[in-house]
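Visitor: One structure, pasted below without further comment.
The values are calculated or read from the model by the stated rules, or taken from the named source; none is laboratory data. Here the structure is a predicted model, which means the values were calculated and not measured. Every residue, glycine as well, gets a Cβ built from its backbone with ideal geometry; the counts of neighbours run over all protein chains shown.
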Amino acid sequence: MKAIIAPKYGSPDVLELRDVDKPTPKADEVLVKIHAAAVNAGDWHLLRADPFLIRLMYGLLVPKHPIIGSDMAGTVEAVGSAVTQFQVGDEVFGSELGAFAEYAAVPERRLALKPTGLSFEKAASVPVAAVTALQALRDHGQIAPGKKVLINGASGGVGTFAVQIAKAFGAEVTGVCSTGKMEMVRSIGADHVIDYTQEDFTKNGQRYDLILAANGYQPLSAYARALSPQGIYVMSGGAMVQLFEVMIWGMLKSKKGGKTFGNMTVKSSQEDLFLMKELIEAGKVVPVLDQRFPLSRVPDAIRYLEAGHAKGKVVISLDQPSA
Ligand SMILES: NC(=O)c1ccc[n+]([C@@H]2O[C@H](COP(=O)([O-])OP(=O)(O)OC[C@H]3O[C@@H](n4cnc5c(N)ncnc54)[C@H](OP(=O)(O)O)[C@@H]3O)[C@@H](O)[C@H]2O)c1
């Protein structure tokens with residue numbers, strides 16, 4: 001099969017399209033014929049071993065799992081002897097390292113049946129970004145109907161899901177993005193849209209019950225100003241300086257009571273894939289796709305995402321010719 005291989009850590013220039021052996025599923029695994037994959041910031045963090053700690057988990061000198069990519073959607077081609085939830089021919093989506101390839105062997109708990117009627121490309125765009133948004137809003141942000149929620153970075157992969165999931169939970173949603181993306185953010189359901197090139201939401205006098213920092217950077221003191229007295233700030237992405245600020249100052253500030261500040265890391269959850277399937281089938285969430293690239297152009301897709309201005313999700317179509 002064809003796969004994109006990272007023989008060493010580095011920029012997208014190190015990636016190679018190679019012929020490799022098709023994986024054989026273990027007892028609890030499903031062999032997925034991948035029709036589409038999606039690109040996430042995690043892919044280039046892993047490729048570049050940035051931060052350095054990644055090497056402790058994924059290989060000190062070279063990547064232990066040279067096929068990168070994690071989000072995928074495809075068709076079940078074979079199942080291991082202990083698999084109970086899927087059968088050959090099922091259309092599935094999920095997340096497991098090895099997605100930038102024609103086939104992947106995936107533990108069944110990392111997959112769910114693809115939402116009915118959704119394209120493989122849209123389904124592949126869901127797992128990491130949507131589940132990050134869901135867990136940030138629900139588990140860390142304690143979202144509830146009527147709460148005033150602001151999504152900073154509303155136009156990117158995580159942000160476009162966050163806006164729609166927050167609306168599905170009944171919140172009043174404000175999306176922050178740049179001028180050219182305001183219409184799209186409004187079209188996916190945001191009640192209010194702020195153009196960050198024209199207005200600083202931390203200085204306009206509004207207060208929010210929950211701020212999700214999906215992208216972008218404001219100092220913690222500015223976010224604190226824009227929170228209601230019991231407001232919650234959750235950081236899921238953004239600048240490294242912000243992460244350190246949240247880890248250090250956020251913990252101290254939170255201890256004083258009132259407003260709370262924290263960051264989150266997405267956890268693999270089959271239940272959350274099931275919930276995303278339900279929200280999509282109910283028409284409450286519609287994945288927003290930006291560019292599509294064939295497998296051979298994964299390096300370009302990663303460069304494009306890394307530039308930081310995607311409009312929704314960037315996907316890899318395995319059904320496009322790889323020339
Ligand atoms: N915590 C976790 O477990 C987890 C999971 C997934 C992702 N992440 C992180 O979450 C972050 C976002 O991921 P993503 O997939 O959404 O990235 P993305 O798709 O690359 O985000 C791009 C979007 O960010 C917007 N943006 C850039 N600078 C901004 C600013 N100053 N203010 C507001 N918006 C801004 C861009 O809008 P404009 O073009 O209009 O500027 C663009 O639409 C990344 O840092 C990623 O590493 C974390």
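Visitor: Right, S268: surrounded by fewer than 20 Cβ atoms within 10 Å (Cβ to Cβ), within 12 Å of the ligand (Cβ to nearest atom) and either free of Cβ contacts under 8 Å to residues at least 40 places away in the same chain or under 21 Å from the mean Cα position of the chain (by Cα) (or both) or not? First the steps, then the outcome.
Guide: Values: surrounded by fewer than 20 Cβ atoms within 10 Å (Cβ to Cβ): yes; within 12 Å of the ligand (Cβ to nearest atom): yes; either free of Cβ contacts under 8 Å to residues at least 40 places away in the same chain or under 21 Å from the mean Cα position of the chain (by Cα) (or both): yes.
For S268, the condition - surrounded by fewer than 20 Cβ atoms within 10 Å (Cβ to Cβ), within 12 Å of the ligand (Cβ to nearest atom) and either free of Cβ contacts under 8 Å to residues at least 40 places away in the same chain or under 21 Å from the mean Cα position of the chain (by Cα) (or both) - is met.
A quick yes/no check of all residues on (1) in contact (Cβ under 8 Å) with a residue 12 or more places away in the chain; (2) farther than 14 Å from V176 by Cα; (3) not acidic (D, E):
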site: F201; (1), (2), (3): yes, no, yes
site: D209; (1), (2), (3): yes, yes, no
site: Q218; (1), (2), (3): yes, no, yes
site: A226; (1), (2), (3): yes, no, yes
site: Q230; (1), (2), (3): yes, yes, yes
site: V234; (1), (2), (3): yes, yes, yes
site: V241; (1), (2), (3): yes, yes, yes
site: K259; (1), (2), (3): yes, yes, yes
site: M264; (1), (2), (3): yes, yes, yes
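Visitor: Just a yes or no: is a residue in the stretch 99-112 on the phi > 0 side of the Ramachandran plot, touching a Gly at 6+ places or on another chain (Cβ under 9 Å) and not hydroxyl-bearing (S, T, Y)?
Guide: Scanning the stretch 99-112 turns up no residue that is on the phi > 0 side of the Ramachandran plot, touching a Gly at 6+ places or on another chain (Cβ under 9 Å) and not hydroxyl-bearing (S, T, Y).
Visitor: Does K313 qualify as being closer than 19 Å to G69 by Cβ and within 18 Å of the chain's Cα centre (by Cα)? Before the answer, list the steps.
Guide: Numbers: closer than 19 Å to G69 by Cβ: yes; within 18 Å of the chain's Cα centre (by Cα): yes.
The answer is yes for K313.
Visitor: Then there's this: Please find, among V163, V149, V106, the residue that is buried (at least 21 other Cβ atoms within 10 Å of the Cβ) and under 17 Å from the mean Cα position of the chain (by Cα).
Guide: After ruling out the rest, the residue left standing is V163.
Visitor: Looking at I232, is it surrounded by 20 or more Cβ atoms within 10 Å (Cβ to Cβ) and in the same structural domain as G189 (by TED's automatic domain parsing)?
Guide: yes
Visitor: Let me ask something else. Looking at V266, is it part of a loop (DSSP other than H, G, I, E, B) and touching a Leu at 6+ places or on another chain (Cβ under 6 Å)?
Guide: It is false that V266 is part of a loop (DSSP other than H, G, I, E, B) and touching a Leu at 6+ places or on another chain (Cβ under 6 Å).
Visitor: Being modelled with pLDDT of 95 or more, touching a Ser or Thr at 6+ places or on another chain (Cβ under 8 Å) and part of a strand (DSSP E or B) narrows it down to one of A36, A78, A99, so name that one.
Guide: A36
Visitor: Which one is farthest from E29 (Cα to Cα) among residues in the stretch 113-143 that are of a type in the set (G, A, S) and crowded, with 24+ Cβ neighbours inside 10 Å? Quick ask: steps written out before the conclusion?
Guide: We begin by selecting, within the stretch 113-143, every residue of a type in the set (G, A, S); these are 117, 119, 123-125, 129-130, 133, 136, 141.
Going one step further and asking which of them are crowded, with 24+ Cβ neighbours inside 10 Å, we end up with 123-125, 129-130, 133, 136, 141.
Working: A123: 20, A124: 19, S125: 22, A129: 23, A130: 23, A133: 27, A136: 29, G141: 33 Å.
That would be G141.
Visitor: Give the residues of the stretch 167-191 that are of a type in the set (V, I, T) and out of contact with any strand residue (DSSP E or B) (no Cβ under 7 Å at 6 or more places or on another chain), sorted by residue number.
Guide: If we filter the stretch 167-191 for residues that are of a type in the set (V, I, T), which is where we start, we get 173-174, 176, 179, 185, 188.
Scanning the stretch 167-191 gives a single hit, I188.
Visitor: (1) within 24 Å of V185 (Cβ to Cβ); (2) touching a residue at least 24 places away in the same chain (Cβ under 8 Å); (3) in contact with a helix residue (DSSP H, G or I) (Cβ under 9 Å, 6 or more places away or on another chain): which one isn't true of G250, the others all being true?
Guide: Single failed check for G250: (1).
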